[in-house]
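Trainee: Supplied in structure tokens, the structure appears directly below.
The values are calculated or read from the model by the stated rules, or taken from the named source; none is laboratory data. All values reported here derive from a predicted model rather than from experimental measurement. So basically every Cβ, Gly included, is an ideal-geometry build from the backbone, and we count neighbours across all protein chains shown.
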Amino acid sequence: MLKCDNLHVQRGGKTILAGINLTLQDGEVLAVLGPNGAGKSTLLAALSGELLPSLGQVLFADKPLAAWLGSERAQRLAVLPQQSSLNFAFVVDEVVGLGRLPHASGRQRDSEIIGLALEAADAAHLRGRNYVELSGGERQRVHLARVLAQLWPGQGGQVLLLDEPTSMLDPLHQLATLKAVRAFAGQGAGVLVILHDLNLAARFADRIALLHQGGLHAIGTPDEVLTEGNLQTVFNLPVIMSRHPELGCPWVIPR
Amino acid sequence: MRRNTLLAMALGLLINPAQAAERLISVGGAVSEWLVALGGEQHLVAVDSTSRHPLSLTALPNVGYQRNLTAEGILALQPDALIGTEEMGPPPVLAQLKGAGVNLYTLSSAPSLPTLEANLAQLGALLGREAEAQAQYQAFQAQLAQLEQQLSQQSSQPGVLLLLSHAGGNPMVAGTDTAGDWLIKLAGGHNLASHEGYKPMTSEALLALAPQVLVVTDRALTGAKARAALLEQQPALAATPAGLAQRLPVIDPTLLVGGVSPRVPKAVAELAQAFYPALQLPSSTLAGSAP
Amino acid sequence: MKPLFSIRLVFIALALGLLLAISLSLSLGPVAMSLDTPWRVLLSRLGLPLLVEPQAQLIIEQIRLPRTLLGLAAGGVLALCGVAMQGLFRNPLADPGLIGVSSGAALGAALMIVLGAGLGGLAPEWSPYLLSASAFAGGLLVTSVVYRLGRKQGRVDVATMLLAGVALAALAGALIGLLQYLADDATLRTLTFWNLGSLNGASYSRLWPLLAIALLVLVSLPRSASALNALLLGESEARHLGVDVERLKRRLILLTALGVGAAVAACGMIGFVGLVVPHLMRLLLGPDHRTLIPASMLAGASLLLLADVLARLLVAPAEMPIGVLTALIGAPFFLYLLVRGRSHA
């Protein structure tokens with residue numbers, strides 16, 4: 001669905017990403033892992049068209065990203081940045097409603113979707129609240145609801161790019177958010193999500209891409225990618241690999 | 001005889017109130033002064049903010065600064081005519097006033113005798129007092145001529161600077177093409193400043209010019225206070241020849257803007273006395289003809 | 001934030017306020033007349049056989065009506081441009097001056113006033129037009145320089161533009177200072193009055209350019225309302241929502257340069273309206289541009305008209321500079337809302 005071939009990205013004359021080949025399939029959750037400075041956010045920026053590749057290209061539905069008309073692309077590709085700089089006193093509903101901008105679905109349908117998206121992001125209780133009075137974690141969930149509303153209800157051919165959607169959340173809401181993302185992918189959309197928590201990635205991702213020094217070190221199922229060797233090389237972190245006692249997915253225990 | 005004339009005039013006004021222009025607004029200090037000097041004060045219904053002489057004018061409604069007049073404010077006073085100088089404005093308001101049937105008389109504010117003569121002739125005609133205007137001009141001119149004649153016998157013309165000061169700022173020095181320059185020349189002085197218009201000058205530059213007389217004017221203060229304030233702000237001035245000799249005459253700043261005032265002969269005589277202490281001026285000259 | 005009052009109520013109040021401001025502006029002035037006179041003049045113009053005093057008719061048609069139209073257009077357009085700039089810079093305290101249009105217009109006007117006086121005075125029948133044209137051109141010129149400086153690789157970098165605007169404003173200020181140094185006393189006073197703004201001397205012939213531009217801004221800006229909302233999220237977020245951000249920015253800058261340039265050219269520098277009216281409306285209605293834009297237009301026009309009524313009445317037959325009054329009326333109200341907003345938060 002979203003595909004990059006031999007992607008190179010430079011910033012200020014320095015090569016940040018080199019030779020990345022990646023395909024995001026419909027309905028899958030692809031987690032991107034890597035240490036600070038590995039190029040995760042740059043990859044997301046390149047995949048969303050914010051940064052232009054110095055070499056290679058990004059294809060969305062077999063069409064170069066730049067060839068898409070802004071509003072048509074926005075109906076099928078949504079991006080959640082790591083942090084929002086929004087500092088205006090919108091009501092929460094209005095913030096989520098901004099996600100409906102690319103669609104002309106009418107006030108009533110929009111209002112329904114706003115409610116459903118907020119519910120999906122476990123933020124339904126924030127309806128009617130002043131955005132600037134929310135905590136960091138609450139704001140993060142509101143923005144998740146916004147990008148969900150942008151693609152609602154989610155279908156094949158759509159792509160959702162999330163940059164650390166759990167960075168400001170407590171453990172309970174980290175789980176809730178990733179469950180919501182998982183469920184959304186279940187509707188058919190492809191989701192690429194940057195994560196820092198290896199175990200959350202192991203639990204919720206179909207595949208994991210491991211970035212190391214601007215290159216793709218490994219990509220595959222959690223079982224294939226989360227190995228003691230890979231994690232030692234990429235994170236310089238000695239770990240013991242185990243399994244989740246109930247779910248059976250890989251479980252990373254730092255030594 | 002004179003009393004009879006006045007009586008006749010008063011009767012004339014009562015009997016035929018619509019003879020000359022009835023309700024006048026005067027804009028510009030000198031214009032207002034001359035209107036009063038020519039006996040037109042009872043026709044004035046308002047003046048502008050620069051009309052401060054004689055003091056009785058300040059009791060009249062004030063139409064604001066002469067360059068910032070307003071059409072409706074003036075129309076509300078129902079004037080027959082508006083008299084001012086070319087400094088009146090803004091032009092769109094003057095156009096509106098003209099459109100509303102107000103007669104506009106625009107005099108020149110240039111500091112020169114021919115201008116004054118023409119202005120007085122026009123004011124005289126407006127008030128129906130041509131002879132009076134003519135007489136006033138001749139008296140004015142005669143005083144200056146007499147002074148000029150006396151000055152021609154004086155030698156060693158003093159070097160003069162005229163400082164326009166106001167609280168807190170560097171004093172502005174009157175250069176060429178200013179009313180200040182004209183006054184200095186009439187009083188027999190030599191203006192040391194060669195720039196055009198009013199410009200600030202540093203104390204050092206003032207010292208270098210070594211003025212023998214410093215003419216002091218202050219926007220807010222008068223007399224000895226103006227002098228003291230200037231020396232306090234510019235202590236270096238005390239070291240000029242003028243400062244050392246205490247030759248610091250003070251003149252009224254309203255003489256410097258808005259045209260030639262009837263008070264000019266008296267002010268010039270006072271300046272001349274300061275420039276040439278040996279000068280023997282008749283007391284009538286110093287008393288002047290100012291109303 | 002939940003609006004303090006219902007949106008409908010605020011709009012009804014704003015519309016009534018504007019109607020009141022218009023009728024006060026037509027019926028109050030140094031020339032006393034009854035409150036219904038303007039309406040009698042209007043009806044008699046429409047053909048009703050009403051008796052209207054010719055002087056009242058002249059004052060209303062030739063003095064107060066153009067003045068009212070000027071106030072409506074200038075107040076509305078200044079507030080609208082304030083909304084556009086606060087949206088562009090994503091900052092509720094942004095002001096149209098940030099992109100250099102006001103400083104450029106001030107420089108244009110100062111050039112014309114001082115050099116005009118230096119050349120022995122302009123022909124009085126042409127000077128108002130030349131002054132307006134020069135101010136308008138100065139505003140457009142400086143803004144286009146700021147815009148060019150802010151362009152990097154085909155994108156307008158708002159932060160660079162902001163800094164370029166500050167630098168060019170300083171440069172314009174220096175040039176104005178130089179002109180002031182060259183100017184004589186009387187010219188200085190003309191400059192001072194111009195800098196304080198005034199609706200005095202409004203005439204139909206000088207009104208049309210501003211009316212046309214005000215109409216353009218009024219029609220164009222609401223079409224960008226939703227895009228402006230998205231822009232508040234950030235430029236890349238707005239792009240992800242399908243907004244052509246570069247086009248939006250160009251549009252906002254162009255509309256502001258035209259709008260503020262024309263307003264300043266027609267009535268001098270009137271500060272405060274563009275900064276505070278949108279801010280006030282945001283406090284009342286929230287930041288949604290779909291309501292903010294029309295509300296700011298109504299409030300800006302009302303504020304300027306009311307300030308002008310006071311300007312002509314307070315020291316009649318003279319007149320106060322309107323810039324002084326917009327600030328005198330607006331600032332305390334603004335402070336009140338700030339303090340009140342803080343105690344709510």
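Trainee: Surrounded by fewer than 15 Cβ atoms within 10 Å (Cβ to Cβ), touching a residue at least 40 places away in the same chain (Cβ under 8 Å) and either within 24 Å of B:Glu72 (Cβ to Cβ) or out of contact with any Leu (no Cβ under 7 Å at 6 or more places or on another chain) (or both) - does that describe any residue in segment C:208-220?
Mentor: No, the conditions are met nowhere in segment C:208-220.
Trainee: While we're here: Residues of segment B:38-55 being touching a residue at least 24 places away in the same chain (Cβ under 8 Å), touching a Ser or Thr at 6+ places or on another chain (Cβ under 8 Å) and more than 12 Å from chain C (Cβ to nearest Cβ), which ones?
Mentor: B:Ser51, B:Arg52, B:His53
Trainee: Quick one: would you say A:Asn21 is more than 11 Å from chain C (Cβ to nearest Cβ), under 20 Å from the mean Cα position of the chain (by Cα) and free of Cβ contacts under 8 Å to residues at least 24 places away in the same chain?
Mentor: Answer is no for this residue.
Trainee: Is it fair to say A:Ala120 is away from every other protein chain (no Cβ under 14 Å), buried (at least 16 other Cβ atoms within 10 Å of the Cβ) and within 19 Å of the chain's Cα centre (by Cα)?
Mentor: Here the answer is yes, as A:Ala120 does meet what is asked.
Trainee: Among the residues in segment B:211-228, are any over 27 Å from B:Val260 (Cα atoms) and in a loop (DSSP other than H, G, I, E, B)? Spell out how you get there, then give the answer.
Mentor: In the first step, residues of segment B:211-228 are kept if they are over 27 Å from B:Val260 (Cα atoms); the result is B:228.
Now narrow it down to the ones that are in a loop (DSSP other than H, G, I, E, B): none.
Checking segment B:211-228: not a single residue is over 27 Å from B:Val260 (Cα atoms) and in a loop (DSSP other than H, G, I, E, B).
Residue-wise test of (1) at pLDDT 95 or above; (2) in contact with a strand residue (DSSP E or B) (Cβ under 6 Å, 6 or more places away or on another chain); (3) among the acidic types (Asp, Glu).
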position	(1), (2), (3)
A:Gly13	no, no, no
A:Gly19	no, yes, no
A:Leu44	yes, yes, no
A:Leu65	no, yes, no
A:Leu86	no, no, no
A:Asp93	yes, no, yes
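Trainee: Quick one: which strands (runs of 3 or more DSSP E) lie wholly within segment A:167-223 and hold at least 1 residues that are among the hydrophobic types (A, V, I, L, M, F, W, C) and surrounded by fewer than 22 Cβ atoms within 10 Å (Cβ to Cβ)?
Mentor: Passing ranges, in order: A:215-220.
Trainee: Same structure, new question: Using the structure shown, decide if C:Ala202 is under 30 Å from C:Pro66 (Cα atoms), within 14 Å of another protein chain (Cβ to nearest Cβ), of a type in the set (Gly, Ala, Ser) and buried (at least 22 other Cβ atoms within 10 Å of the Cβ).
Mentor: Here the answer is yes, as C:Ala202 does meet what is asked.
Trainee: Can you tell me how many residues within segment B:56-104 are of a type in the set (Phe, Trp, Tyr) and more than 7 Å from chain C (Cβ to nearest Cβ)?
Mentor: 0
Trainee: While we're looking at this one, here's another question. For the condition more than 14 Å from chain C (Cβ to nearest Cβ) and within 17 Å of the chain's Cα centre (by Cα), what is the one hit in B:Leu107, B:Leu126?
Mentor: B:Leu107
Condition check ((1) free of Cβ contacts under 8 Å to residues at least 12 places away in the same chain; (2) in contact with a Phe, Trp or Tyr (Cβ under 7 Å, 6 or more places away or on another chain); (3) not polar (S, T, N, Q)) across all residues:
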site	(1), (2), (3)
A:Asn6	no, no, no
A:Gly13	yes, no, yes
A:Asn36	yes, no, no
A:Gly49	no, no, yes
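Trainee: Hey, among the residues in segment B:95-112 that are buried (at least 16 other Cβ atoms within 10 Å of the Cβ) and in contact (Cβ under 8 Å) with a residue 60 or more places away in the chain, which one's farthest from B:Leu77 (Cα to Cα)?
Mentor: B:Pro111
Trainee: Continuing with the same structure: Which one of B:Leu281, B:Leu237 is touching a helix residue (DSSP H, G or I) at 6+ places or on another chain (Cβ under 8 Å), in a helix (DSSP H, G or I) and surrounded by 13 or more Cβ atoms within 10 Å (Cβ to Cβ)?
Mentor: B:Leu237
Trainee: What is the number of the single condition among (1) without any contact (Cβ under 8 Å) to a residue 24 or more places away in the chain; (2) more than 14 Å from chain A (Cβ to nearest Cβ) that C:Val243 does not meet?
Mentor: With (1) without any contact (Cβ under 8 Å) to a residue 24 or more places away in the chain; (2) more than 14 Å from chain A (Cβ to nearest Cβ) applied to C:Val243, the lone miss is (2).
Trainee: Quick one: would you say B:Arg247 is in contact (Cβ under 8 Å) with a residue 24 or more places away in the chain and under 19 Å from B:Ala278 (Cα atoms)?
Mentor: In short, yes.
Trainee: Please give the helices (runs of 4 or more DSSP H) falling wholly within segment C:1-98 in which 3 or more residues are farther than 25 Å from C:Thr326 by Cα.
Mentor: Per the criteria, C:37-45, C:54-58.
Trainee: Of C:Leu303, C:Leu325, which residue is within 15 Å of the chain's Cα centre (by Cα), surrounded by fewer than 24 Cβ atoms within 10 Å (Cβ to Cβ) and either of a type in the set (Ser, Thr, Tyr) or farther than 30 Å from A:Gln158 by Cβ (or both)?
Mentor: Values: C:Leu303 fails: surrounded by fewer than 24 Cβ atoms within 10 Å (Cβ to Cβ).
So the residue among C:Leu303, C:Leu325 that is within 15 Å of the chain's Cα centre (by Cα), surrounded by fewer than 24 Cβ atoms within 10 Å (Cβ to Cβ) and either of a type in the set (Ser, Thr, Tyr) or farther than 30 Å from A:Gln158 by Cβ (or both) is C:Leu325.
Trainee: Residue check, C:Val77 against (1) modelled with pLDDT of 90 or more; (2) within 14 Å of chain B (Cβ to nearest Cβ), all met but one. Which one?
Mentor: That leaves (2) as the condition not met.
Trainee: Output the residue which, of all residues in segment A:68-103 that are within 7 Å of another protein chain (Cβ to nearest Cβ), under 30 Å from A:Gln57 (Cα atoms) and among the aliphatic types (A, V, I, L, M), is nearest to the chain's Cα centre (by Cα).
Mentor: The selected residue is A:Val79.
Trainee: Looking for whichever is of a type in the set (A, V, I, L, M, F, W, C) and closer than 30 Å to B:Ala179 by Cβ here; the options are C:Ala183, C:Ala159. Which one fits?
Mentor: Exactly one residue qualifies, and that residue is C:Ala183.
Trainee: Could you please give the count of residues in segment B:206-225 that are at pLDDT 80 or above and surrounded by 13 or more Cβ atoms within 10 Å (Cβ to Cβ)?
Mentor: Selection size over segment B:206-225: 11.
Trainee: Just need a number here: residues in segment C:51-71 that are surrounded by fewer than 15 Cβ atoms within 10 Å (Cβ to Cβ) and either more than 14 Å from chain B (Cβ to nearest Cβ) or touching a residue at least 40 places away in the same chain (Cβ under 8 Å) (or both).
Mentor: Total satisfying the criteria: 1.
Trainee: Being over 19 Å from B:Pro158 (Cβ atoms) and more than 27 Å from the chain's Cα centre (by Cα) is the filter here; which residues of segment B:235-266 pass it?
Mentor: Applying the first criterion (over 19 Å from B:Pro158 (Cβ atoms)) to segment B:235-266 yields B:235-236, B:252-266.
Scanning segment B:235-266 gives B:Pro235, B:Ala236.
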